[in-house]
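In what follows, a single structure is set out as structure tokens and then discussed.
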Amino acid sequence: MLKQEIDEFIKYIDLEKGYSSHTKESYRSDLAQFEVFLEQNRWSIKRDDQDKLLEVDAIGIRKYLGQLHRDKLKKTSIGRKIAALKSFFKYLVKKGYLERNPAAYIQTPKKEKYIPTFLTVDEVFTILEKSYSNDPAGLRNKAMLELLYTSGIRRAELIGLNCGDIDFKQALIKVRGKGKKERVVPVGAQALKSMTEYRERGRVEASLSVSPEHGGPFFTNKKGERLNPRTISRIVDRMTLLGGVNRKISPHVFRHTFATHLLDGGADLRAIQEMLGHESLSTTQKYTSVSMAKLMETYDMAHPRSKGKGKT
């Protein structure tokens, strides 16, 4: 029904919009799910003689969203699926497949507020010390976690880091974030030390199958190829477990930890925003909630007059 249009749309957001591979796959999955729903519920998509779309029933879209609510999906997941539909239909209008966007006026549910998960300073140090091994893979893994913690970059940015993006003398790295927007981020001394050890004793040169642009990928597997997202997640799982942290920690938690520790240390919120690559300051402000929660917890535990403690 929509496979051809979905394939064209994915190419469009890749080449012209510069969306990450994770976003592309998420959008493809969301649109495929929507297509299956239409087929199962016999919501027709009309086409003209040239096999171009004439109309997509807006009622079918609303029925689909109703099913998502009945399936008790999180608001963030529903919001992403709505964003995928809006972008997809906007593209179809632009290409002349549709006259109007049937999802244009569908409201995105308000995001659920949450306090980001983060590691304490002691937990980070313990993970980096206890999970360390001196073999090539161990040198690489420690360098990756040191870099995640000291720079706050995303998993995709870590994977996309090339040798030419690292300035060891100036202690800076150039990363390509969402929408392929570039920014320069400072790197701590310990991370640079671990990255230098990995480069000299653990790194496998990029294979011929990998593009040599910018010197090839910095972090590679045994074949000299760029790492994939699941490999990074498995490494973080193993190292946090070896470090004695008995809870689920994703690579993104190191990004939250980076921001939280900077804020606790008195860093300016706008400086943190620049380092994280957030377009909006409001996105960065969620870390103030973390610090406030810690402050209130400390107050409740330590102050004699908190929660009715002490004499009246």
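The values are calculated or read from the model by the stated rules, or taken from the named source; none is laboratory data. All of these numbers come straight from a predicted model, not from anything done at the bench. Here the Cβ positions follow ideal geometry from the backbone for every residue, glycine too, while neighbour counts run over all protein chains shown. Heads up: the accessible areas ignore ligands, DNA and RNA and are worked out on the full protein's heavy atoms, side chains in. Shrake-Rupley method; radii C 1.70, N 1.55, O 1.52, S 1.80 Å.
Here's how it looks for N162: its modeled amide H is under 5 Å from those of F218, which are all 5 or more places away or on a different chain.
With r as the distance between the Cβ atoms of E39 and T231 and R0 = 35 Å, compute the FRET efficiency 1/(1 + (r/R0)^6) and round to 0.05. Display every interim value, and only then the final one.
Values: r = 35 Å, r/R0 = 1.00.
It comes to 0.50.
Share of carbon and sulfur in the accessible area of region 185-285 stands at 52%, probe radius 1.4 Å.
Ranked from highest to lowest mean number of other Cβ atoms within 10 Å per residue, what is the order of the peptides 3-15, 87-99? Walk me through the intermediate numbers first.
On the way: 3-15: 14.9, 87-99: 17.1.
In descending order of packing, they fall as 87-99, 3-15.
With Cα atoms as the point set, region 83-155 shows a radius of gyration and Dmax of 22.4, 61 Å.
Please compute the length gained on full extension between Y12 and Y132, using 0.36 nm multiplied by the number of residues separating them and subtracting their Cα-Cα distance. All intermediate terms of the calculation are to be shown ahead of the outcome.
Values: separation 120, 0.36 × 120 = 43.20 nm, distance 4.23 nm.
Difference between extended and current length: 39.0 nm.
Computed 3J(HN,Hα) for region 193-201, one whole-Hz value per residue from the Karplus formula 6.51 cos²θ - 1.76 cosθ + 1.60 where θ = phi - 60°, is 4, 5, 5, 5, 4, 5, 5, 7, 10, glycine and proline marked x. Per residue, region 134-229 exposes 50 Å² of accessible surface when a 1.4 Å probe is rolled over the protein heavy atoms with every protein chain present. Stokes-Einstein diffusion coefficient for region 210-289 at 20 °C in a medium of 1.002 mPa s, Rh from the Kirkwood formula over Cα pairs: what value in µm²/s? Rounded to a whole number, D works out at 142 µm²/s. Pairs of lysines in region 85-151 whose Cα atoms sit within less than 26 Å of one another amount to 8, provided the residues are eight or more positions apart or on different chains.
I want the local charge near V175. Using Cβ-Cβ distances under 11 Å, sum +1 for each Lys or Arg and -1 for each Asp or Glu among the other residues. Spell out each step's value before the answer.
Numbers: positive: R154, K174, R176, K178, K180, K181, R183; negative: E157, D165, E182.
My count for the surroundings of V175 gives +4.
Per-residue packing, averaged as other Cβ atoms within 10 Å, sorts the ranges 74-82, 262-270, 141-149 into the order 141-149, 74-82, 262-270, beginning with the highest. Summarising the label geometry, the points placed 7 Å from Cα in the beta-carbon direction at E205 and I106 lie 5.2 nm from one another.
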